[in-house]
Structures are given as C-alpha cells and as structure tokens.
Amino acid sequence: MARRISDVGEENEVAANAELRSLRREVARLRALVAANRETQDKLQRLATFPEENPNPVIEMNFAGTTIYLNPVAQVRFPDLWQLHLAHPLVQGLHFPFVADVNGAPSHVVREIQVGDSVYEQKICYMGEPHGNHIRIYVHDVTRRKHAEETNQKLLKRLVHAHEEERQRVSRELHDEAGQALTALKLSLELIHAEIPKGSKAVRRNLTEAIHLTEATKEQIRMLAHGLRPPALDTLGLNLTLESFCRDFSKRTQLAIEYRGTDVSELPDVANMCLYRTLQGALANVVTHAGATRVDVRLLHDADCVRLTVEDNGAGLGVGRKQSPAKESSGIGLLGMQERLDLFGGGLKVEQGASGGVRLLAYLPLREKA
C-alpha cells in the first residue's frame with residue numbers, strides 16, 4: 001500500500017515542489033526590491049527641505065495654478081510645465097487653495113498619478129508664510145516599485161494556486177489510496193475475526209482492537225483529506241461546505257455553532273478556498289483564545305461582494321477597542337487570513353461584537369481581480 005501511494009503522482013509532486021521553490025525565490029527577490037525602493041524613498045524624504053539638491057522633481061505653483069518654480073531635475077524632466085501649468089498631465093486634478101491645519105503647520109496630501117507608462121507619487125504641501133502662499137509638489141517616480149508590487153502580487157497568487165492544487169492532489173490520494181486500502185484491511189480483519197473460534201478469546205480481542213484501530217485511522221485520514229481540500233466544495237458549493245464544516249467542528253469541540261448562509265455561485269474556486277480557510281482559522285482562534293461557548297457564522301452576499309462573519313460570545317477585545325489583525329495575540333493566523341484576502345481584492349476586519357466577544361468580518365469581490 002505504501003508503495004502505491006508514494007508512486008502515484010510522484011513526477012507531479014516533484015514538478016510542483018520545484019515550481020513552489022522557484023516562486024518562493026522570486027517572491028523573496030521582489031520583496032527585497034520593494035524594501036530597497038522604500039528605503040530609497042525614506043532617504044529622499046530627508047532631502048525634501050532642499051529642493052535645489054533634491055534628485056527628484058520639485059514643483060511650486062501659486063493658487064492661480066501657475067508654475068512659479070521648477071528645481072533642476074524638474075526643468076529637465078518636465079520643461080513644458082512652464083507653458084502648460086495645470087493643463088500638464090502631471091498636475092491635473094489639483095485643487096486650490098490648500099489650508100494650514102489648526103496648529104499652523106503646513107498641510108499636505110499624497111496621491112499617485114499615472115502619466116503615460118510612468119507612475120508618480122506626489123506629496124503636495126501648502127507653503128504658507130514666510131514662504132509666500134503657494135504649494136510645493138515633491139514628485140517621486142514609483143514606476144519600478146509599482147511594477148514590482150504587481151509582479152509580486154501575481155506570483156503570490158500563483159503560489160496560492162499551486163499550494164491549493166498540491167493540497168487537492170494529496171487529499172485525493174489520501175482518500176482514494178489510503179482510504180480504500182484501510183477499508184479493504186478492515187473488511188479482511190472482520191472476515192478473519194468471524195472465522196476465529198469463540199474459545200480463542202485473546203486472539204478475537206486483539207483482532208477487535210485492530211479493527212477499531214483501522215477504523216480510527218481511516219477516520220483520521222478522512223478528516224486530514226477534508227482539511228486539505230473538502231470534496232464537498234467541488235460538488236455542493238461553498239455554502240453547504242461551510243455548514244458541514246461548522247457541524248463537524250461543533251461535534252469535535254462541543255462548541256455551539258449556529259450557521260446561516262446563502263448559496264454563492266459566482267465565486268472563483270480560489271476565493272471559495274480562501275473563505276473556507278478563513279473559517280477554519282477563525283474557529284480555531286475562538287477555541288484557543290476566546291473562551292467562548294457560542295459562535296454565530298454568517299455567509300452573505302450582494303451584487304458585488306461576499307461576506308463571511310464569525311462572532312463569538314467570549315472574552316472580547318476590551319471595551320470599545322478595535323483590533324488590527326497585525327496586533328492580535330493570535331497574530332500569525334489572522335495575518336495569514338488578512339494577506340490571503342488582500343491578495344484577491346478583499347479584506348479582514350476584527351472588532352468588538354454585539355455580545356461582548358469578537359466579531360470577524362472577511363469579504364471578497366464576487367469576481368476575481370486580474
């Protein structure tokens with residue numbers, strides 16, 4: 001049996017592992033590039049008070065929208081600002097005047113704007129007295145960083161897809177190979193048990209224990225296979241799969257779970273798995289950290305978005321305090337949920353529930369973003 005299981009899909013497993021290693025290396029390289037770009041941006045911010053020496057374009061305009069200053073870099077990169085003023089695509093959409101905040105310090109806004117194939121990040125500052133009322137615009141070309149981030153997102157999506165495909169393969173092999181072999185073993189043991197004379201009590205007892213152990217092992221493998229990739233997700237859909245998971249989880253943990261949901265047919269497969277993993281992690285956190293006796297789980301959707309809420313009656317977050325996933329004591333689990341949801345255009349909110357416990361809200365767009 002062991003040989004059959006190890007032989008099935010061995011070449012696919014080697015190829016999948018090689019692809020995963022390659023994707024991880026590429027993700028690490030891109031993350032290092034993004035970090036280096038951010039470090040460069042921090043250094044440039046320290047030069048912001050010296051526009052003549054700033055290696056990035058610095059532009060000043062009066063409240064009439066007229067260009068009144070370009071530092072040397074801006075004069076080279078955008079000389080037509082002297083003629084086009086607010087009609088230049090780099091500064092289109094600016095609103096005047098800017099006002100100082102209540103302490104008299106210069107106010108500022110930050111925006112991104114695309115000009116042709118380039119993306120620029122702009123810090124737009126109000127320059128009051130004694131500078132003469134006008135605005136100063138610090139321009140930073142973030143095209144490479146944005147392309148790196150987009151490539152990183154695409155690779156991370158591929159990595160998630162590859163992980164889920166590998167889990168699906170292993171789940172099927174466990175169910176089809178190990179599960180069927182254990183079923184055959186149990187039947188064989190039962191046949192042997194029936195042929196043993198009743199007087200051989202010790203042998204019959206040992207066989208009975210072996211049969212029970214085989215059945216327990218089969219059930220453990222079934223649960224492991226379902227945890228890796230629930231077959232119901234492909235046949236019954238997300239709603240019934242989540243309902244079944246809540247029912248099984250409640251039986252295992254004796255935690256009262258009320259589930260209500262609606263069918264969602266428009267979600268792509270990876271989004272279904274994302275919400276399934278989120279519910280897995282959320283209920284595990286409730287058992288580990290909340291000290292709750294009851295959980296309400298809801299799956300709802302509208303024309304654009306599907307929402308999964310998990311609310312318990314446990315210890316909660318503290319009076320009136322919202323919790324960022326990055327600061328939660330069970331942080332790695334919540335961070336993993338947050339990153340996976342973000343990757344597919346969704347998000348995660350954790351806040352105080354109406355019953356004093358924790359309310360977790362996960363949401364995803366109904367159609368996967370490219």
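The values are calculated or read from the model by the stated rules, or taken from the named source; none is laboratory data. The structure presented is a predicted model; accordingly, all values stated were derived computationally and were not measured. Ideal geometry is used to build each Cβ from the backbone, glycine not excepted, and the neighbour counts take in all protein chains shown.
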- prompt: Of the residues 237, 261, which is surrounded by 12 or more Cβ atoms within 10 Å (Cβ to Cβ), under 37 Å from the mean Cα position of the chain (by Cα), on the phi > 0 side of the Ramachandran plot and not assigned by TED's automatic domain parsing to the domain that holds residue 166?
  reply: 237
Odd one out for residue 136, checked against (1) in contact (Cβ under 8 Å) with a residue 60 or more places away in the chain; (2) over 30 Å from residue 110 (Cβ atoms); (3) out of contact with any helix residue (DSSP H, G or I) (no Cβ under 7 Å at 6 or more places or on another chain): (2)
message: Based on this model, can you work out whether residue 259 counts as in contact with an Asp or Glu (Cβ under 8 Å, 6 or more places away or on another chain) and at pLDDT 85 or above?
response: yes
field: Sole residue being part of a loop (DSSP other than H, G, I, E, B), over 27 Å from the mean Cα position of the chain (by Cα) and over 28 Å from residue 22 (Cβ atoms), chosen from 179, 199
entry: 199
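For (1) in contact (Cβ under 8 Å) with a residue 40 or more places away in the chain; (2) assigned to a helix (DSSP H, G or I); (3) surrounded by 17 or more Cβ atoms within 10 Å (Cβ to Cβ), each residue gets a yes or a no:
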position	(1), (2), (3)
249	no, yes, yes
257	yes, no, yes
265	no, no, no
285	yes, yes, yes
292	yes, no, yes
297	yes, no, yes
- request: Exactly one condition in (1) at pLDDT 80 or above; (2) part of a helix (DSSP H, G or I); (3) touching an Asp or Glu at 6+ places or on another chain (Cβ under 7 Å) is not met by residue 69; state its number.
  value: (2)
query: Taking residue 91, is it under 30 Å from residue 171 (Cα atoms), at pLDDT 70 or above and surrounded by 12 or more Cβ atoms within 10 Å (Cβ to Cβ)?
result: no
- request: Name every residue in region 54-71 that is of a type outside the set (D, E, K, R) and surrounded by 19 or more Cβ atoms within 10 Å (Cβ to Cβ), in order of residue number.
  value: 54, 56, 57, 58, 59, 61, 67, 70, 71
- prompt: Does residue 174 fit the bill of being in contact (Cβ under 8 Å) with a residue 40 or more places away in the chain and under 20 Å from the mean Cα position of the chain (by Cα)?
  reply: no
- request: Exactly one condition in (1) assigned to a helix (DSSP H, G or I); (2) over 25 Å from the mean Cα position of the chain (by Cα); (3) modelled with pLDDT of 60 or more; (4) under 29 Å from residue 139 (Cβ atoms) is not met by residue 14; state its number.
  value: (4)
field: Boolean, residue 74 is in the same structural domain as residue 143 (by TED's automatic domain parsing), of a type in the set (A, V, I, L, M, F, W, C), surrounded by 14 or more Cβ atoms within 10 Å (Cβ to Cβ) and at pLDDT below 80
entry: no
